[in-house]
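Notes follow the structure.
The values are calculated or read from the model by the stated rules, or taken from the named source; none is laboratory data. For clarity, every value in this text was computed on a predicted model and none was experimentally measured. Positions of Cβ are backbone-derived with ideal geometry, glycine not excepted, and every protein chain shown enters the neighbour counts. Just the protein is used for accessible areas: all its heavy atoms, side chains included, with ligands, DNA and RNA removed. Shrake-Rupley method; radii C 1.70, N 1.55, O 1.52, S 1.80 Å.
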Amino acid sequence: IGFAVPGALDEPAGVARWTGNLGWKNVPIRDLVAKETNKPIAFAHDVRTGMVAEMRKGAAQGFANSIFIPIGTGIAAALVIDGQIRYSDGFAGEIGHMVVDPSGPPCVCGQQGCWERFASGNGLAYLGRMAAVQGVAVPAVHKDSRWMAIRFAAVKQACRRMSGQSFPVKDTTQTWDM
């Protein structure tokens, strides 16, 4: 059984040291799953397993150097140099926890204003909830050292139009397809 887990891992020990979006701290997940299933468990970081798939069958196939940055619940990265995935223990690759606005919203990692709070699926959902609750604009995209805001009406409209397709989001100066 293959088990791919986000966050800071101790892969040799099969332990999820910290998974902010799952709320796990020091969970011996490989051993727990092995005990429940009576099967051997392959345990790895979710983004590195995605990189392996890209190297074998996807966009990174045939390239000696590449980077994989999926943006989903969180934001992380896997790096390939000379055909080898490079990684380290702890938070290596957890690039969504780079602080982009020290006065920004609180993050699950304990910091404030992490990139993940503005650009991941969870972050965009949080910004949308804040706009709906407060009825005011919230920071959405950083440009030229100024925060631009998505207007509440645009968030409301986008929420109504969500159907798995892209939809336009307007701020005071620009339109993006998201």
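Looking only at residues in segment 48-59 that are farther than 10 Å from I85 by Cβ and hydrophobic (A, V, I, L, M, F, W, C), which one is surrounded by the most Cβ atoms within 10 Å (Cβ to Cβ)?
Among those residues, the one meeting the criterion is A53.
Of the residues that sit in segment 10-47 and are of a type in the set (A, V, I, L, M) and closer than 18 Å to I69 by Cα, which one is farthest from the chain's Cα centre (by Cα)?
Across segment 10-47, the extreme among qualifying residues is A44.
In segment 67-77, what residues are over 16 Å from T19 (Cα atoms) and assigned to a loop (DSSP other than H, G, I, E, B)?
Result: I69, P70.
Quickly run through segment 1-39 and pick out the residues that are part of a strand (DSSP E or B), free of Cβ contacts under 8 Å to residues at least 40 places away in the same chain and over 16 Å from A92 (Cα atoms).
Once the filter is applied, which keeps residues that are part of a strand (DSSP E or B), free of Cβ contacts under 8 Å to residues at least 40 places away in the same chain and over 16 Å from A92 (Cα atoms), segment 1-39 yields W24, K25, N26, V27.
Among residues belonging to segment 40-56 that are β-branched (V, I, T) and touching a Phe, Trp or Tyr at 6+ places or on another chain (Cβ under 8 Å), point out the one that is farthest from A92 (Cα to Cα).
I41
Which one is most open to solvent (accessible area, probe 1.4 Å) among residues in segment 78-89 that are closer than 11 Å to H45 by Cβ and either at pLDDT 95 or above or not in a loop (DSSP other than H, G, I, E, B) (or both)?
I85
May I ask you to verify whether A64 is in a strand (DSSP E or B) and among the small types (G, A, S)?
No; evaluated as a whole, the condition is false for this residue.
Is it fair to say G96 is out of contact with any helix residue (DSSP H, G or I) (no Cβ under 6 Å at 6 or more places or on another chain), modelled with pLDDT of 90 or more and either open to solvent by 40 Å² or more (accessible area, probe 1.4 Å) or not in a loop (DSSP other than H, G, I, E, B) (or both)?
Here the answer is no, as G96 does not meet what is asked.
Considering each of R30, R17 in turn, give the residue that is touching a Phe, Trp or Tyr at 6+ places or on another chain (Cβ under 6 Å), basic (K, R), surrounded by 15 or more Cβ atoms within 10 Å (Cβ to Cβ) and closer than 28 Å to G110 by Cα.
Answer to the selection: R30.
For segment 99-113, which positions are surrounded by 18 or more Cβ atoms within 10 Å (Cβ to Cβ) and either over 18 Å from A125 (Cβ atoms) or more than 15 Å from the chain's Cα centre (by Cα) (or both)?
G104
Can you spot a residue in segment 162-178 that is out of contact with any strand residue (DSSP E or B) (no Cβ under 8 Å at 6 or more places or on another chain), in a helix (DSSP H, G or I) and modelled with pLDDT under 50?
Looking for residues that are out of contact with any strand residue (DSSP E or B) (no Cβ under 8 Å at 6 or more places or on another chain), in a helix (DSSP H, G or I) and modelled with pLDDT under 50, one finds none in segment 162-178, hence no.
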